[in-house]
Amino acid sequence: MSVRPAVESWGASDLAARVRAGNRASIARAISTVEAGGKASAELLKALHEATGRARLFGITGAPGVGKSTLVGALIAELRNGYQSVAVIAVDPSSPVTGGAILGDRVRMTQHVEDDGVFIRSLASRGSGGGLSLATSRVAEVLDAAGLENVIIETVGAGQSEIDVIDVADITTVVCAPGLGDDIQAMKAGLLEVADVLVVNKADDPMATLTVNQLESMLALRSDAGRKVPLLKTAARDAVGIPELADALNQAFEKLDQQGRAERRLQRMQRLLATVAGGIVARRLKATRGRRLDQLLTRMAAGELDVETAAVALLKSDVWRQD
Amino acid sequence: MSTSAQRPYRVLVSKIGLDGHDRGSRIVAAYLRDAGMEVIYTAPWQEVQALVRMASDEDVDLIGISSLATDHLLLPKLLEALRAADLGDLPVVVGGIVPDEDEQALIEAGVRRVFHPGSSRDEIVSTVAALAAEARIQRKTESF
């Protein structure tokens with residue numbers, strides 16, 4: 001007799017019931033199931049759905065090495081001080097060549113391992129094309145249904161325009177580190193634009209004040225300067241500025257409530273659908289060759305057809321459909 | 001792409017006890033990564049209960065422990081704790097400096113494989129993959 005769940009031999013509703021009861025082994029197995037996707041995942045999520053929508057979903061993103069994991073570790077401690085339960089989804093990159101990954105975010109979150117109010121799960125990005133947003137959002141749903149009050153999603157080290165996390169999180173925090181670029185970098189479009197909260201971590205670095213000033217100017221120059229984006233300094237390794245960050249996140253979330261969380265959820269679903277549908281089209285298209293597609297490609301190569309016109313023609317046709 | 005058999009194997013690579021020499025565990029972690037596995041890598045100095053918690057929450061298929069300074073003597077405790085947490089079917093392997101006279105006791109305690117210095121990349125990767133595959137099949141056929 002074992003209480004360890006083997007999802008393959010269970011009905012989705014059995015596993016869902018155990019997840020909702022907060023059984024850790026079941027939560028762990030449910031995460032593996034939804035991460036893999038497919039029919040078992042869909043059934044399980046359906047069975048969990050009515051228990052979702054309660055957790056606050058916080059996204060933490062930023063360039064590699066700015067201190068995201070350390071910040072998340074400090075944030076867990078802060079939330080636990082307020083007796084709130086916390087889940088962390090820590091994403092690290094998969095190798096595009098072998099599919100393997102080193103998931104090392106736990107190295108900075110060691111102190112919370114044995115705390116029953118904390119559930120940390122490492123996720124490999126397993127390719128791109130919207131798959132990551134999809135897997136992350138499913139895992140977040142499982143943790144939400146399990147009754148965890150806060151779900152922190154720590155992204156892979158992001159570049160300037162990787163903004164997938166806004167597909168998934170209620171509140172997105174963008175973490176910067178001092179000295180990673182001049183004021184022109186701060187003006188560029190992309191990641192910084194999607195921040196609900198901006199953090200300059202490693203604030204004990206002498207360059208930190210300069211970086212804060214540059215980001216302040218950037219915020220002031222925005223056309224939507226009325227949208228107040230809190231800008232905070234933290235030194236996560238020493239837990240400096242973390243209570244202030246937790247306050248800022250609370251406030252951002254409360255503001256969201258007033259604006260209507262439901263609408264935000266719909267927007268998120270729309271972005272998620274767009275990302276995933278785009279990924280499906282791209283994958284199918286890359287795997288398809290046929291007479292009609294070849295005609296289209298030949299005309300493009302010959303300069304008779306520009307890419308945009310070809311793309312619209314493609315979407316209207318059924319060349320890329322496989323079923 | 002959606003069946004669990006094709007999911008990459010998930011392996012926890014760690015060190016228990018007070019020794020912090022983690023070069024070996026890093027090298028093995030990189031071997032397994034390059035073989036297409038997802039390696040949950042922790043800092044050294046883990047406690048037995050912390051490892052059990054991580055193995056459970058991360059739903060791993062195997063635990064690999066590096067031991068260079070007698071930490072392998074804690075492995076029977078780890079195996080006992082895994083059994084107590086209903087994770088007795090999870091294979092545990094160890095690599096590093098394990099004196100020959102200790103090996104038999106570890107195997108009897110439930111350690112599935114001891115890798116000594118000079119173990120090749122192929123040997124480590126193929127053994128880990130085989131044990132992880134076995135653990136997955138085992139889990140699928142568990143009865144309740």
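Of the residues contained in the stretch A:299-315, one or more are found to be in a helix (DSSP H, G or I), among the hydroxyl-bearing types (Ser, Thr, Tyr) and surrounded by 11 or more Cβ atoms within 10 Å (Cβ to Cβ). The requirement of being modelled with pLDDT of 95 or more, over 17 Å from the mean Cα position of the chain (by Cα) and assigned by TED's automatic domain parsing to the domain that holds A:GLU154 is not satisfied by A:LEU71. The set of residues in the stretch A:200-214 that are out of contact with any Cys (no Cβ under 7 Å at 6 or more places or on another chain), without any contact (Cβ under 8 Å) to a residue 60 or more places away in the chain and of a type outside the set (Asp, Glu) comprises A:ALA203, A:PRO206, A:MET207, A:ALA208, A:THR209, A:LEU210, A:VAL212, A:ASN213, A:GLN214. Across the stretch A:93-128, the qualifying residues are those that are among the β-branched types (Val, Ile, Thr) and either more than 7 Å from every other protein chain (Cβ to nearest Cβ) or under 21 Å from the mean Cα position of the chain (by Cα) (or both), and the one among them that is farthest from B:ALA50 (Cα to Cα) is A:VAL97. With respect to (1) without any contact (Cβ under 8 Å) to a residue 12 or more places away in the chain; (2) at the interface with chain A (Cβ under 10 Å from one of its Cβ atoms); (3) more than 19 Å from A:VAL113 (Cα to Cα), the lone exception for B:ARG23 is condition (2).
B:LEU90 - would you say it is part of a loop (DSSP other than H, G, I, E, B), within 22 Å of A:LEU103 (Cα to Cα) and modelled with pLDDT of 95 or more? Taking the combined requirement at face value, the residue satisfies it. The condition of being away from chain B (no Cβ under 14 Å) and modelled with pLDDT of 95 or more holds for only one of A:ARG54, A:ARG20, that being A:ARG20.
Yes or no, residue by residue, for (1) within 14 Å of chain A (Cβ to nearest Cβ); (2) small (Gly, Ala, Ser):
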position	(1), (2)
B:THR70	no, no
B:LEU73	no, no
B:GLU80	no, no
B:ASP86	yes, no
B:VAL92	no, no
B:GLY96	no, yes
B:ALA109	no, yes
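Of all residues in the stretch A:224-254, those satisfying the criterion of being of a type in the set (Asp, Glu) and part of a helix (DSSP H, G or I) are A:ASP238, A:GLU244, A:ASP247, A:GLU254.
The values are calculated or read from the model by the stated rules, or taken from the named source; none is laboratory data. All values derive from a computational prediction rather than experimental measurement. FYI the Cβ positions are ideal-geometry reconstructions off the backbone, even for glycines, and counts take in every protein chain you see.
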